[in-house]
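K.L.:
Okay, handing you the structure first.
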Amino acid sequence: MSHTSQESEYQSQLDAKRVRLTHLLAPFDAPAPEVHDSPRQHYRLRAEFHLWREDELRHYAMFAPGAGKRAPILLDQFPPASQRINTLMPPLKAAWNADPVLGERLFQAEFLTTLSGQALVTLCYHRKLDDAWEAAASALAARLGISLIGRSRGQRLVIGTDYVTETLRIHGRDFHYQQPEGAFTQPNGTVNIKMIEWACDALGQRQDDLLELYCGNGNFTLPFATQVRRVLATEISKTSVAAAQANIAANGIDNLVIARLSAEEFTQALNKVRLFRRLQDIDLDSYDFGTLFVDPPRAGMDPDTCELARRFERILYVSCNPETLAHNIAQLHDTHRITRCALFDQFPWTHHMESGVLLERR
């Protein structure tokens, strides 16, 4: 496909997403979505590959949807993945095919990279890893300038660190994020910056407090903290909470507290239905919440969290599933109206999209 036809195809797909989002939000009198495009290639900072054995060698492989596991697509490069991933693929493949210590019973390779150039590779095995593996992996990691993790049943050997550190420039300020292996991070770094900047613009400078549910490693939370009096954020994943705490310290932010609770648990706490020891050092009554920010899983917010959202003057909602977003907005439409709307092409060349809305009290 020529560059011109590829660009035409991309714009056609992006326009179809805009039309779909507009249609889903039309019942709520939403303004036209602000559309944020993606790089056409090398946008994915994460990738994982099954390794397919053929001609005594292990090759990177993927499988077409619905094709089953018997018709692999063998790869040498993967254009959607970051340049760093594509640069690392050939020497890693050469290393495990040349050295049985690295290649024996290896079945999967996972890559985590950053816009700032760091890389962490996880190699997964159907065998116990020993000192010989650790020595060979250490030499390989040093040669490639990466961190490396070996995984097998009951084993996790770390060469270097088990995280990468991303740096995102948001409205002229650099924010540093520890991103652990296995924890959720936004896959499209360039679009992630656009999402954070849009959300910060929609929030504006506030003198009251912000509550964030599902905060992950603090992707949105850290920049938000520079725009409000205080932030209270919740997240259920222990790994993500630990990364968020490290990120708060690394960025010198002192008006942000993380509580390890699910959205449902926090709703119970705020409604004084249950007491949680994890909140014993947090005085919920001292907060003056004006804004709720949510970036929930694909299932969206549960009904109780939607009811909680009604209390807020402003609801900032970023969603990876426009259908559940529309379903949640239907539950809020009698108290809040959409004043801003955005489409973020986090997943180009697929039907998936990320969207954002600002809802303000009527």
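K.L.:
Mind listing whichever residues of segment 292-313 are within 22 Å of ILE193 (Cα to Cα), buried (at least 19 other Cβ atoms within 10 Å of the Cβ) and out of contact with any helix residue (DSSP H, G or I) (no Cβ under 6 Å at 6 or more places or on another chain)?
P.N.:
Of everything in segment 292-313, those that are within 22 Å of ILE193 (Cα to Cα), buried (at least 19 other Cβ atoms within 10 Å of the Cβ) and out of contact with any helix residue (DSSP H, G or I) (no Cβ under 6 Å at 6 or more places or on another chain) turn out to be PHE293, VAL294, ASP295, PRO296.
K.L.:
Output the residues belonging to segment 329-362 that are among the charged types (D, E, K, R) and either surrounded by 19 or more Cβ atoms within 10 Å (Cβ to Cβ) or out of contact with any strand residue (DSSP E or B) (no Cβ under 8 Å at 6 or more places or on another chain) (or both).
P.N.:
Correct list: ASP334, ASP345, GLU354.
K.L.:
Report yes if some residue within segment 120-142 is open to solvent by 50 Å² or more (accessible area, probe 1.4 Å), in contact (Cβ under 8 Å) with a residue 60 or more places away in the chain, in contact with a strand residue (DSSP E or B) (Cβ under 7 Å, 6 or more places away or on another chain) and not in a helix (DSSP H, G or I); otherwise report no.
P.N.:
Within segment 120-142 (the criterion being open to solvent by 50 Å² or more (accessible area, probe 1.4 Å), in contact (Cβ under 8 Å) with a residue 60 or more places away in the chain, in contact with a strand residue (DSSP E or B) (Cβ under 7 Å, 6 or more places away or on another chain) and not in a helix (DSSP H, G or I)), the answer is no, since none of the residues qualifies.
K.L.:
Then there's this: Using beta carbons and a limit of 8 Å, which pairs, at least six apart or on different chains, have the first residue in segment 187-205 and within 21 Å of LEU112 (Cβ to Cβ) and the second one open to solvent by less than 10 Å² (accessible area, probe 1.4 Å) and assigned to a helix (DSSP H, G or I)?
P.N.:
Listed by first residue and then by second, the contacts come to ILE196/PRO223.
K.L.:
Please work out which residue is nearest to GLN83 (Cα to Cα), limiting yourself to segment 104-117 and to residues that are surrounded by fewer than 20 Cβ atoms within 10 Å (Cβ to Cβ) and not aliphatic (A, V, I, L, M).
P.N.:
Ranking the qualifying residues of segment 104-117, first place goes to GLY117.
K.L.:
Being under 26 Å from GLU307 (Cβ atoms) and part of a helix (DSSP H, G or I) is the filter here, so list the residues in segment 245-265 that pass it.
P.N.:
Residues satisfying the conditions are ALA263, GLU264, GLU265.
K.L.:
Now for a different question. Can you find a residue in segment 267-288 that is within 22 Å of the chain's Cα centre (by Cα) and farther than 26 Å from GLU197 by Cα?
P.N.:
no
K.L.:
Of all residues in segment 143-159 being surrounded by fewer than 16 Cβ atoms within 10 Å (Cβ to Cβ) and small (Gly, Ala, Ser), which is nearest to GLY189 (Cα to Cα)?
P.N.:
Once the filter is applied, the top-ranked residue is GLY145.
K.L.:
Are any residues in segment 220-267 in contact (Cβ under 8 Å) with a residue 60 or more places away in the chain and open to solvent by 20 Å² or more (accessible area, probe 1.4 Å), and if so, which ones?
P.N.:
Hits for segment 220-267 are ALA242, ALA246, ALA250.
K.L.:
A further question on this structure: Restricting to segment 309-334, what's the tally of residues that are within 19 Å of the chain's Cα centre (by Cα) and in a loop (DSSP other than H, G, I, E, B)?
P.N.:
Number of matching residues: 2.
K.L.:
Would you be able to tell me the number of residues in segment 52-72 that are surrounded by 10 or more Cβ atoms within 10 Å (Cβ to Cβ) and closer than 20 Å to ALA94 by Cβ?
P.N.:
Residues meeting the conditions: 10.
K.L.:
Another question about this same structure. Given the conditions (1) farther than 30 Å from ASN328 by Cβ; (2) at pLDDT 95 or above; (3) assigned to a loop (DSSP other than H, G, I, E, B); (4) open to solvent by 40 Å² or more (accessible area, probe 1.4 Å), and given that ALA32 satisfies all but one, which numbered condition is not satisfied?
P.N.:
Every listed condition holds for ALA32 apart from (1).
K.L.:
Just the residues that are more than 22 Å from ASN255 (Cα to Cα) and in a helix (DSSP H, G or I), please, taken from segment 281-308.
P.N.:
Answer for segment 281-308, where residues must be more than 22 Å from ASN255 (Cα to Cα) and in a helix (DSSP H, G or I): PRO303, ASP304, THR305, CYS306, GLU307, LEU308.
K.L.:
Among the residues of segment 271-281, are any closer than 25 Å to GLN205 by Cα, touching a residue at least 24 places away in the same chain (Cβ under 8 Å) and either of a type outside the set (D, E, K, R) or crowded, with 17+ Cβ neighbours inside 10 Å (or both)?
P.N.:
Within segment 271-281, not a single residue is closer than 25 Å to GLN205 by Cα, touching a residue at least 24 places away in the same chain (Cβ under 8 Å) and either of a type outside the set (D, E, K, R) or crowded, with 17+ Cβ neighbours inside 10 Å (or both).
The values are calculated or read from the model by the stated rules, or taken from the named source; none is laboratory data. Keep in mind it's a predicted model, so treat the numbers as computed, not measured. Backbone-built Cβ (ideal geometry, glycine too); neighbour counts: all protein chains shown. When the accessible area is computed, the model is the full protein with side chains, heavy atoms only, and any ligands, DNA or RNA have been set aside. Shrake-Rupley method; radii C 1.70, N 1.55, O 1.52, S 1.80 Å.
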